[in-house]
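Written out below as structure tokens is the structure these notes cover.
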Amino acid sequence: MISFDAGSHRFHLRAAAIVVRGDDVLLHRAEGDDFWALPGGRVESGEEAVTAVARELHEELGLVIQPGPLVLLVENFFVHGGERQHEVGLYFTAEAQGGSPVLAGPGPYRGVEGSRELIFAWFPRSALNQVDLRPEFLVGALAGQDLSFRHVVQRDRHAG
């Protein structure tokens, strides 16, 4: 995975999926975390981001997706676990394929990433302002219907 210490920050290259079902969007969180995020994960060295996002959803949830276009390029500066993070996120629209149980109900659904349990659930896009979704700009970005490409810099006040 592309993740390394760089000066005072830990750098990550992350690919994530915006999977929409009607008015709902699929989110996930790691067991023990108190916030939600779009599903995805770190890109491996030599791997295309679009391949990484499909791989991550299949590994973590068994969900087969057809990634669409890149709609968000995000420079995200934040603190997690007491450490400063610098993440470059590539966010793709994605369509879930086949008859996965994840498409049938609201969840929650259990997944796994290494030794950490993940929880996946569908949330109404119109109610994302009631969810601790990170990065925070996603609340507004996902509430609208227009997911055309844009570049976003998100800097938490504690990230330095």
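The values are calculated or read from the model by the stated rules, or taken from the named source; none is laboratory data. Here the structure is a predicted model, which is why all the values come from computation and not from measurement. Cβ coordinates were reconstructed from backbone atoms using ideal geometry, including for glycine residues, and neighbour counts include every protein chain displayed.
Pick out, from region 1-86, the strands (runs of 3 or more DSSP E) lying fully within it that include 2 or more residues that are over 28 Å from Gly99 (Cβ atoms), in contact with a strand residue (DSSP E or B) (Cβ under 7 Å, 6 or more places away or on another chain) and without any contact (Cβ under 8 Å) to a residue 60 or more places away in the chain. Step through it out loud before you land on a result.
Details: elements: 3-6, 9-21, 24-30, 40-42, 65-80.
Output list reads 3-6.
Regarding region 129-145, can at least one residue be identified that is loosely packed, with under 14 Cβ neighbours inside 10 Å, more than 20 Å from Ala30 (Cα to Cα) and within 16 Å of the chain's Cα centre (by Cα)?
yes
Residue by residue through region 107-130, note down the ones that are farther than 23 Å from Ala96 by Cα and either at pLDDT 90 or above or touching a Cys at 6+ places or on another chain (Cβ under 7 Å) (or both).
Once the filter is applied, which keeps residues that are farther than 23 Å from Ala96 by Cα and either at pLDDT 90 or above or touching a Cys at 6+ places or on another chain (Cβ under 7 Å) (or both), region 107-130 yields Asn129, Gln130.
Cβ contacts < 7 Å: first residue in contact (Cβ under 8 Å) with a residue 12 or more places away in the chain, restricted to region 132-155; second residue surrounded by 11 or more Cβ atoms within 10 Å (Cβ to Cβ) and of a type in the set (Lys, Arg), any location; separation 6+ or different chain. Result?
Leu142/Arg125; Ala143/Arg125
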